[in-house]
Amino acid sequence: MNAVMIDNAQLERELKKAHITLMRNPETRLYAGVIMLGESKIVDDVPTACTDGVNKLYGREFMSGLTQPEMCGVVLHEALHVALKHLYRHSDLMKDDPRVANAAMDYVVNDVIHSLTDYGKWIVLPKIALWDIKFRGWSVRDVYNFLKKGKDKDGKQHERKEKPQSGQGQP
């Protein structure tokens, strides 16, 4: 039991280290207020990570398998959902098709992270993260319409090649 407590304590320290790393970096420090907003907790009942628009929850098993740069990526991912008010601004999409809406929001925030100057050095996203360069500069609604209807942001019809594979709160 003591080993589990040490692992949990270490995981909590690693999460705090990710917060501090993001708040110190010139490109991501502007999100410091959002990172500190609400609670950031390691929990057992979340498969990856998620937010309610204020609080951020991180799945213990998921986070324990991440490198420190991946943990920074996941923390920034959830903070971006909060900063961009995704849950509030796109509640209609969440009611229509929560799986596709979540995937669209993930593609957008993950592109912001991929756009960082030092992406791949101190910050990366886990391999399961949804990201595609074709969505660079697209809005959540543009990505949602593409995933749902196969239409690009100019309204041109395209064949959907794959279904989004996002679960609740997947980075």
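The table below gives the values:
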item	result
In sequence order, calculated HN-Hα J values of the stretch 114-120 (Karplus, 6.51, -1.76, 1.60; Hz; x Gly/Pro)	5, 7, 4, 4, 9, 4, x
N55 long-range amide H proximity, modeled H, under 5 Å	E39
Fraction of accessible area attributable to carbon and sulfur, the stretch 51-100 (%, probe 1.4 Å)	55
Whole-Hz ³J(HN,Hα) from phi, Karplus 6.51 cos²θ - 1.76 cosθ + 1.60, for the stretch 127-141, glycine and proline x	4, 6, 5, 7, 7, 8, 4, 5, 8, 4, x, 7, 7, 4, 5
Heavy atoms of T117: accessible area, 1.4 Å probe, square angstrom to 10	110
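The values are calculated or read from the model by the stated rules, or taken from the named source; none is laboratory data. Values in this document were obtained by computation on a predicted structure and should not be read as measured data. Just so you know, the surface numbers come from the protein's heavy atoms only, side chains and all, with ligands and any DNA or RNA stripped out. Shrake-Rupley method; radii C 1.70, N 1.55, O 1.52, S 1.80 Å.
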